[in-house]
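**Student:** Starting off with a structure, shown below.
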Amino acid sequence: AAIQDIAANEGYTVDTTEDAANFTAGNLANYDTVVFALTSGDVLNSTQQAAFEAYIQGGGGYVGIHSASDTEYSWPWYGELVGAYFDNHPLQQNATVIVEDSAHPATAGISSPWNRFDEWYNFQTNPRASVNVLATLDESSYSGGDMGSDHPIAWYHEFDGGRAFYTGMGHTSASYTEPDFVSHIAGGIRYALGLDSGGKL
């Protein structure tokens, strides 16, 4: 619903599905960006994976939200697209987010430090070497972080011909009524779209 509201405000058209059969070359060609919104586990078969790879290679966009990094562990290409796989998380709690890049549309206008309540992911690897980090977690501000002084929580990169944005935030329903978080998602979508004024998701 939040993504549909963003689309209405910004002039995008959005479809939603939980049917992996929609991941065909012909159908994906109708879309400028695909959002994996809180996906988990193995969601695509090998044929659908190949179609999605070709879609990104053809210039498509990808947005991953929260548990999108808890998805498709046996598909290495997807791991590179999302940037890092989920490892574990402590109990939901307040934490401080440090915005590193205030010029990107996903973080523009968000004050740093950014204090919010969420489920805070630790990742299997630090993605910094292969992505552009937008925001990190201050592990001294909460309990259960295990990545140390460099704990990326949101990032973007160009990958295999396309564009990818990921945020580890967004577990709670309340996140999607927070103006700053909604702005964060909206900016990530704009990036994945190539900063175009319109498109279809």
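Okay, residues lined up against (1) open to solvent by less than 60 Å² (accessible area, probe 1.4 Å); (2) farther than 22 Å from A174 by Cα:
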residue: A2; (1), (2): yes, no
residue: N9; (1), (2): no, no
residue: L28; (1), (2): yes, yes
residue: F36; (1), (2): yes, no
residue: G41; (1), (2): yes, yes
residue: Q48; (1), (2): yes, yes
residue: A54; (1), (2): yes, yes
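**Student:** Would you list the strands (runs of 3 or more DSSP E) that sit entirely within the range 91-201 and hold 1 or more residues that are small (G, A, S) and buried (at least 18 other Cβ atoms within 10 Å of the Cβ)?
**Tutor:** Details: elements: 93-99, 114-118, 132-138, 152-159, 162-167.
Qualifying strands (runs of 3 or more DSSP E): 93-99, 132-138, 152-159, 162-167.
**Student:** Further question: Cβ-Cβ under 9 Å, sequence separation 6+ or interchain: first residue in the range 96-118 and touching a residue at least 60 places away in the same chain (Cβ under 8 Å) and basic (K, R), partner assigned to a loop (DSSP other than H, G, I, E, B) and open to solvent by less than 60 Å² (accessible area, probe 1.4 Å). Which pairs?
**Tutor:** Short answer, once both residue conditions are applied: R116/M169; R116/E178.
**Student:** Would you confirm whether any residue within the range 74-83 is open to solvent by less than 60 Å² (accessible area, probe 1.4 Å), at pLDDT 95 or above, farther than 20 Å from Y176 by Cα and in a strand (DSSP E or B)?
**Tutor:** Among the residues of the range 74-83, not one is open to solvent by less than 60 Å² (accessible area, probe 1.4 Å), at pLDDT 95 or above, farther than 20 Å from Y176 by Cα and in a strand (DSSP E or B), which makes the answer no.
The values are calculated or read from the model by the stated rules, or taken from the named source; none is laboratory data. Treat the numbers as computed from the prediction; the structure is a model and nothing was measured. All Cβ positions, glycine included, derive from the backbone under ideal geometry; neighbour counts span all protein chains shown. Calculation scope for accessible area: heavy atoms of the full protein, side chains included, ligands and nucleic acids excluded. Shrake-Rupley method; radii C 1.70, N 1.55, O 1.52, S 1.80 Å.
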